[in-house]
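Bear in mind these aren't lab numbers, they're just calculated from the coordinates by the rules spelled out. What you see is a predicted model, and the numbers here were worked out from it, not measured in a lab. Counting neighbours? That spans all protein chains shown, and the Cβs are built from the backbone with ideal geometry, glycine included.
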C-alpha cells in the first residue's frame, strides 16, 4: 500500500511482519513484527501515521496507531477482547471508523474521535466542523495533479537563476580570494533554509481512545465493507439490505444498492468502487444506479505453465503457513521439486488435484486438501428420492428390513411394513443389481407408484401399489439420526433404572449447541448422572462453550421464600452464561470423533470431569482456513496447532479414553452398544447406593 505522499510503501513480509519501504533509499524497515498473515493496515491521509489491525497470541485483533517515522511505540486504541478491524481515516485524520464484534457477537460499525476536542463540540459546531472538513477535502489534489504544478514553479526559478551574471563575483587576477563560505553556512543547530520541515504525526488523544469509541450500527446481523466519507460525518457500509450510507449516530440511512462488495472510494470520496455480479462497478454516494464496466477479452492458457504456477504457489503458501514450523521434519523443498515435475504433466483439474493431494499427504496431517474448480454446467445429477426404508435384495425384489418413523414409507396411505417385498417402481420391475434409491432419480417430491407384495397374518399373499412421495436424502439422514439417539437414550434409561440421562452432540456448531442446551435440560432433569456422547462428531468450534456448561464451578445455591430448603443445587438460570450440568458425568468418544470434538474429549479428561469411555479419537486437530489460487483452486491452510498442557500435539495424538471399550461390527449388527453399557456401569459406581 503506497503512502498518500508517494514516498513509502507498506507491505506484509513473511508470515505477518508489517514492513515499510522507503522508495527513494530502497530501505526496508519492520514497522511491527507478528505472525498474523491477515494483518490489515492503512495510512493516515497525511502519511504521518499508520493504523493496523493485528491478532495477538490469543487471536484477538485490536487497532494500533504508530507514527510512520517510528519515533514512538504503537498505541492500542481499542483494547477489547473481541476482534476489531478494517480501520478507515477521515480526510483530515481526526475521525477513525472501524468494524468490531464486541456486542452480541455481531460485527458492527464503530468510530472514535482521535482529536478529543471534537467530543465537547455542541451539535451545531460539530456539524459546522464536518461541513468545513468536507469543503477542505474537496480541495485535495492527487499526486499526479501536484506533480504537474510543481515543475512549472521549479523551471521558473531555474530560469531566474540562469540570468544572474556570476562573472563579477570572480576575483581579479593577482587579487586575493575573498572566502565568504562561512558567512552563508548555517550554524550547527540551525536547520538549512531550503530543507522542508518534516511532517510529524498530529498530537492525537490515543491513550484513552478505547474508552471513547461509539457504536454506529445496531441492526441485527453483521456489517461489512466499511468506508468513511472524507468529511468524516458519514460512513458507507454493507448490511443485510445492501450498501448503505448513514451518519455517525446511525441516523439518516440511505440505501444505495442491494448488492456489491466495496473495494474503496474514489479520490473525491463521492462514489464507491465496487464489485457486483463479478463486474467492476461504481455508484454515487448521493444515489443513482450502479454502473458496471464490462471487460471482454480472450486469453490463451498454457496448461503446463498454469499448473506449475498453481503448484508452486500452493507449496510456498503451505510452507509458510502450515502450523508445524519444521514441516514435521520433511525436506519441503525437495518434496516440492519432486511433485512439481508430476503436477506439470497433468492435463485436467482432477489429475492436478490427485498429484497435489498426494504431495500434501506427505505431511500426514488433517485439514489439508486442494480442489480445482469444476465446470458444473449441465453435469448436475437429479437428486435421488428416499422412501425412508432399509432394504436387502431378495429373490424377487427388495425385502424391507426397517421402516423409519415419520418418513414417506411410514406416512403413506398404506404404510410399508417390515417384511414387505418391493417388486416394481413406477410399474417397472426392480433391478436387484442396483440400489433401491437408484430407481428414484429426480423423483424427490413427486408421487411415485411402489408395487408391494405382502404376506398377511393368515398366510395369504397380496400385491398392491402404494403411492408415496419420496423425500430428499438429508431429511432421511436427519430422521435416522433422531431414531438412533432416542434408541441410545432408552438404552441408558433402562440400564440405569432411570437414574442416568443421555445426550448426543451431533456437531460442534451453534445449531448443535442450541440443541445441546435444550436437550441437556430434558436429559438431566430429575436424574442423578449424565452420559454425554461425542462419538461420530465431525467437529466445529464450540468446545469451550460446551465445557462451560459441563464444568461450571459451584460457589453457592439459592432458596426462595417458600422453596424446598432441602434442595441445595438450585441457582438462578438467568445468571448463567449457558445452562449448566453439575451432575456426575461420563463422556463417550470413538475413532470418528474428529477435530473440535476431540478437543472436547481432551478437555473432559484433562480437568478430570468424569470418565472418558470408548476408543481413541481420530487425532486430527488443527485450526484451518483456506486460500484461493490463480484459477480459483482452493487450498486448505491448517495454520494453528493445538497442544495439551504437557506439550503434546493433539494432531496425530487422539484423546485416549480412561476406559477403552471396542465397538465391534457384530455388536452393532446385533443392536448392542458395549461402549454405552460400559459408560453407564462406570457411572453407576459413583452414584449413591439405593
So what is the relative contact order of the stretch 303-371, in percent, for Cα pairs below 8 Å that sit 6 or more residues apart? 37 percent
Round to the nearest 10 and give me the degree value, 0 to 90, for the angle of helix 303-321's Cα axis relative to the longest principal axis of the chain. 90 degrees
Taking the chain as the reference, fit the longest principal axis to its C-alpha atoms, fit the long axis of helix 332-343 to the helix C-alpha atoms, and give the angle between the two in degrees, 0 to 90, nearest 10. 70 degrees
For the chain, find the longest principal axis of its Cα atoms and tell me its angle to the long axis of helix 473-496, 0 to 90°, nearest 10. 60 degrees
Packing-ranked peptide list from 672-682, 74-84, highest mean Cβ count within 10 angstrom first, is 672-682, 74-84
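Taking 51 Å as R0, compute the FRET efficiency from the Cβ-Cβ separation of residue 123 and residue 631 and round it to 0.05.
Computed FRET efficiency for residue 123 and residue 631 comes out at 0.40.
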Percent of beta bridges antiparallel (DSSP, the chain, rounded to nearest 5): 85 percent
Taking 227, 362 and counting other beta carbon atoms within 10 angstrom, the fewest-first order is 362, 227
For the stretch 539-654, share of DSSP beta bridges that run antiparallel, in % to the nearest 5: 75 percent
Considering Cα pairs under 8 angstrom that are at least six residues apart, work out the relative contact order of the stretch 501-609 and quote it in whole percent. 36 percent
Be a star and scan the stretch 419-435 for residues whose amide nitrogen sits under 14 Å from the point 7 Å along the Cα-to-Cβ vector of residue 453. 419-425, 429-432
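If you count the DSSP beta bridges with both ends in the stretch 424-537, what percent of them are antiparallel, to the nearest 5?
70 percent
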Given axes a ≥ b ≥ c from the Cα gyration tensor, I'd like to know whether the stretch 303-371 is rounded (a/c under 1.5), prolate (a/b larger than b/c) or oblate. prolate
Please arrange 89, 41 by counting, for each residue, the other beta carbons lying within 10 Å of its beta carbon, fewest first. 41, 89
Can you give me the relative contact order of the chain as a percent, contacts being Cα pairs under 8 Å and 6 or more apart? 7 percent
What order do you get for 451, 552 when you list them from fewest to most C-beta neighbours inside 10 Å? 552, 451
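Would you please classify the overall shape of the stretch 370-508 from the alpha carbon gyration tensor, given that a ≥ b ≥ c denote the square roots of the eigenvalues, rounded means a/c under 1.5, and beyond that prolate means a/b larger than b/c while oblate covers the rest?
It comes out oblate by the Cα gyration axes.
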Taking a ≥ b ≥ c as the square roots of the eigenvalues of the Cα gyration tensor of the stretch 555-690, is the shape rounded (a/c under 1.5), prolate (a/b larger than b/c) or oblate? oblate
With the crude spin-label approximation of a point 7 Å out along Cα→Cβ, what separation in nm comes out for residue 666 versus residue 211? 7.4 nm
Calculated from the structure, volume of the Cα convex hull per residue in Å³ equals which of [x] 317; [y] 241; [z] 177? [x]
